[in-house]
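The values are calculated or read from the model by the stated rules, or taken from the named source; none is laboratory data. Just so it is clear, the model here is predicted, and its values are computed rather than measured. Neighbour counts run over all protein chains shown; Cβ positions are idealised from the backbone, glycine included. The protein model used for the area step is the full one, side chains on, heavy atoms only, and it has no ligands, DNA or RNA in it. Shrake-Rupley method; radii C 1.70, N 1.55, O 1.52, S 1.80 Å.
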Amino acid sequence: TQDGKDAQLINAGTYTVTVTPTDPNYTGSKEFTFIINKAPHKAPVEDDLKIEVTWNSVTVTHDEFIVELSKDGNDPWVDTTMEGYEANTSYTLHVRFQEDDNHSASSNTIMISGKTAERTAVKFEIADVEEHYNRAVLTITFEEAFSGKVQFSIDGGKNWSDLTVQDGKYVASGLAESAEYTLQVKIPAGDDYLESEVKSVKVKTGIDPAKY
């Protein structure tokens, strides 16, 4: 027994159990210490791994165990994600299962290789422009879903300001009344994408309706 209950020693660890004979010809009991060592993890199987690649990282996961990665098979090993790559470059990684409550880390590893993704610019189009006396409201469409920052310039690209988002449209505020602009629009570089090309659109503001 263990703690007064029938002992079921399953997980790795050190256990103190009490052994009591059930034969009526024997009496008494005795304590024993049992040590269950951790079993070594087997090497991962590549087909059982999920590999996700961005332009600067490689993430490897497994449905049951935590994966560790190393660039050369030596320390340091990192959990799940290896970062710090350049875009569109080759990588090779050693892969093993991490030590857990019942297993030691894999003594045998496997190697996976591939290429990181390209870091590209977000593609967009200005689909429509609504002109007001002090602002322009742009309808912008993106080739892929995008929720990052979009900027505009009214001085030929010398200075850039963020477009604000209202009801899914992009607003260029602070324009002068009864003025003509060449509005330049771009998406600045982000963590996962490059700066976009600049799109231009003509805008002519009206007169403040409060003056009528």
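What number of residues within segment 24-52 satisfy the criterion of being more than 27 Å from Ile110 (Cβ to Cβ) and in contact with a strand residue (DSSP E or B) (Cβ under 8 Å, 6 or more places away or on another chain)?
Residues meeting the conditions: 8.
Within segment 90-133, which residues are under 19 Å from Thr54 (Cα atoms), in a strand (DSSP E or B), open to solvent by 60 Å² or more (accessible area, probe 1.4 Å) and not hydrophobic (A, V, I, L, M, F, W, C)?
Scanning segment 90-133 gives Ser90, Thr92, Ser113, Lys115.
Of the residues that make up segment 82-91, is at least one farther than 30 Å from Val19 by Cβ, free of Cβ contacts under 8 Å to residues at least 40 places away in the same chain, out of contact with any helix residue (DSSP H, G or I) (no Cβ under 7 Å at 6 or more places or on another chain) and among the hydrophobic types (A, V, I, L, M, F, W, C)?
Yes, segment 82-91 has at least one match.
Can you find, within segment 190-212, the residue that is surrounded by the most Cβ atoms within 10 Å (Cβ to Cβ) among those that are under 30 Å from Thr54 (Cα atoms) and modelled with pLDDT under 95?
We begin by selecting, within segment 190-212, every residue under 30 Å from Thr54 (Cα atoms); these are 190-199.
Of the ones still in play, those that are also modelled with pLDDT under 95 are 190-194.
Values: Gly190: 14, Asp191: 9, Asp192: 15, Tyr193: 18, Leu194: 16.
So the residue we want is Tyr193.
Six or more apart or on different chains, Cβ under 8 Å: which pairs go from a residue in segment 35-56 that's without any contact (Cβ under 8 Å) to a residue 24 or more places away in the chain and basic (Lys, Arg) to one that's assigned to a loop (DSSP other than H, G, I, E, B) and surrounded by 13 or more Cβ atoms within 10 Å (Cβ to Cβ)? Could you list them?
If the second residue must be assigned to a loop (DSSP other than H, G, I, E, B) and surrounded by 13 or more Cβ atoms within 10 Å (Cβ to Cβ), the pairs left are Lys50/His62.
Mind checking whether some residue in segment 53-71 is out of contact with any strand residue (DSSP E or B) (no Cβ under 9 Å at 6 or more places or on another chain) and among the hydrophobic types (A, V, I, L, M, F, W, C)?
yes
Collect the residues in segment 76-89 that are within 18 Å of Leu49 (Cα to Cα) and assigned to a loop (DSSP other than H, G, I, E, B), keeping them in residue-number order.
If the condition is that a residue be within 18 Å of Leu49 (Cα to Cα) and assigned to a loop (DSSP other than H, G, I, E, B), then Trp77, Thr80 are the ones that fit.
Exactly one of these conditions fails for Thr16: (1) among the polar types (S, T, N, Q); (2) assigned to a loop (DSSP other than H, G, I, E, B); (3) surrounded by 10 or more Cβ atoms within 10 Å (Cβ to Cβ). Give me its number.
(2)
If we scan segment 170-185, do we find a residue that is open to solvent by 80 Å² or more (accessible area, probe 1.4 Å) and more than 19 Å from Lys123 (Cβ to Cβ)?
Here is the first cut: in segment 170-185, the ones open to solvent by 80 Å² or more (accessible area, probe 1.4 Å) are 180.
The next check asks that each one be more than 19 Å from Lys123 (Cβ to Cβ); those that pass are 180.
Checked segment 170-185: at least one residue is open to solvent by 80 Å² or more (accessible area, probe 1.4 Å) and more than 19 Å from Lys123 (Cβ to Cβ).
Got at least one residue in segment 35-50 being surrounded by 12 or more Cβ atoms within 10 Å (Cβ to Cβ), modelled with pLDDT under 95, out of contact with any Asp or Glu (no Cβ under 8 Å at 6 or more places or on another chain) and in a strand (DSSP E or B)?
Yes, that holds for at least one residue.
Would you check which residues across segment 134-166 are assigned to a loop (DSSP other than H, G, I, E, B), among the aliphatic types (A, V, I, L, M) and modelled with pLDDT of 95 or more and list them?
Once the filter is applied, which keeps residues that are assigned to a loop (DSSP other than H, G, I, E, B), among the aliphatic types (A, V, I, L, M) and modelled with pLDDT of 95 or more, segment 134-166 yields Val150, Ile154, Leu163.
Looking only at segment 56-89, which residues are more than 21 Å from Glu46 (Cβ to Cβ), more than 12 Å from the chain's Cα centre (by Cα) and surrounded by 15 or more Cβ atoms within 10 Å (Cβ to Cβ)?
Ala87
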